[in-house]
Amino acid sequence: MKILVLNGPNLNRLGKREPEIYGKETLEDIEARLLKLSNEFNASLDFRQSNHEGVLIDWIHEAEDTGVDGIVFNPGAYTHTSIGLRDAIAGIEVPVIEVHISNIHKRETFRHTSLLAPECVGQICGLGTLGYDLALRKFLEN
Ligand code: DHK
């Protein structure tokens with residue numbers, strides 16, 4: 001099984017960025033934990049981050065073309081703005097789970113809407129970085 005974990009804008013700064021909202025763990029910490037979990041299931045994990053919408057769209061297309069079985073996606077702020085990412089998810093067969101570290105529904109109103117969630121299998125938010133593990137488990141245990 002091949003799983004792609006995608007992270008969008010500003011998530012490269014996890015650990016330093018607003019730790020009261022996003023916590024102190026870095027993206028590298030999360031990647032190490034997810035790699036361990038995927039190894040337990042003999043799955044391969046590809047973990048990526050970009051601040052650029054078009055790069056994320058290209059990676060979503062590539063996932064479809066290279067036989068990825070599932071995408072765990074924290075789209076960051078593009079969650080609330082990107083019709084391009086929504087269309088990319090709608091245009092592939094690979095299932096996508098949307099993950100947010102914070103509870104977007106408890107925050108500013110502009111964060112309450114996800115343009116992507118209607119095209120995803122589901123959305124996990126507000127559980128901190130554990131949301132990544134849970135989404136990955138959903139794919140691995142299926
Ligand atoms: C991360 C971001 O960068 C924000 O723009 C989203 C999300 C929430 C998170 O909680 O992981 O609004």
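Quick one: 22, 132, fewest Cβ neighbours within 10 Å first, how do they rank? Could you put the intermediate results ahead of the total?
Numbers: 22 19, 132 25.
Exposure proxy ranking, most exposed first: 22, 132.
Quick one: net charge of residue 131's neighbours, Cβ under 13 Å, K/R +1, D/E -1? All intermediate terms of the calculation are to be shown ahead of the outcome.
On the way: positive: 33, 137, 138; negative: 25, 98, 133.
Spelling it out: positives minus negatives among the neighbours equals 0.
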Could you work out [θ]222 nm for the chain from helices alone, using -39500 (n - 2.57) per DSSP H run of at least four and dividing by all its residues? Round to the nearest 500 deg cm²/dmol.
-10500 deg cm²/dmol
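Sort 3-9, 134-140 by packing, meaning the average of other beta carbons within 10 Å per residue, with the highest value first.
Working: 3-9: 22.6, 134-140: 19.3.
Final packing ranking: 3-9, 134-140.
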Sort 66, 81 by Cβ crowding within 10 Å, fewest neighbours at the top.
66, 81
Each residue of region 83-96 in order: what ³J(HN,Hα) in whole Hz does its phi give by Karplus 6.51 cos²θ - 1.76 cosθ + 1.60, θ = phi - 60°, with x for Gly and Pro?
5, x, 5, 4, 5, 5, 5, 5, x, 10, 8, 5, x, 10
For a quick check: with amide H placed at 1.01 Å from N, whose amide H comes under 5 Å from residue 102's, ignoring anything fewer than 5 positions away on the same chain?
126
Out of 102, 71, 37 - ranked by how far each Cα lies towards the positive end of the dipole of region 2-140, with unit charges on the beta-carbon of charged residues - the top one is 102
Who wins for biggest fluctuation among 93, 53, 18 in a Gaussian network model of the chain, springs between alpha carbons below 10 Å?
18
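Set the bar at 18 Å for Cα to Cα. Now go through 106/138; 16/36; 36/138 and name every pair that lies beyond it.
Values: 106/138 25 Å; 16/36 24 Å; 36/138 15 Å.
Checking Cα-Cα distances, 106/138; 16/36 exceed 18 Å.
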If one builds a Gaussian network model of the chain from Cα atoms under 10 Å apart, the most fluctuating residue listed among 72, 94, 55 is 55
Using only the Cα atoms of the chain, build the gyration tensor, take square roots of its eigenvalues as a ≥ b ≥ c, and label the shape rounded, prolate or oblate: rounded if a/c is under 1.5, else prolate if a/b is larger than b/c, else oblate.
oblate
In debye to the nearest 20, the charge dipole size for the chain, taken about the Cα centre with +1 at each Lys and Arg Cβ and -1 at each Asp and Glu Cβ, equals 560 debye
What is the Cα centroid distance between region 84-142 and region 23-65, reported in whole angstrom?
14 Å
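Read-outs throughout are calculated quantities, based only on the coordinates presented, and are distinct from any laboratory measurement. It should be emphasised that the depicted structure is a prediction, and the values quoted were computed from it without experimental measurement. Glycine also receives a Cβ, built like all others from the backbone with ideal geometry; neighbour counts cover every protein chain displayed.
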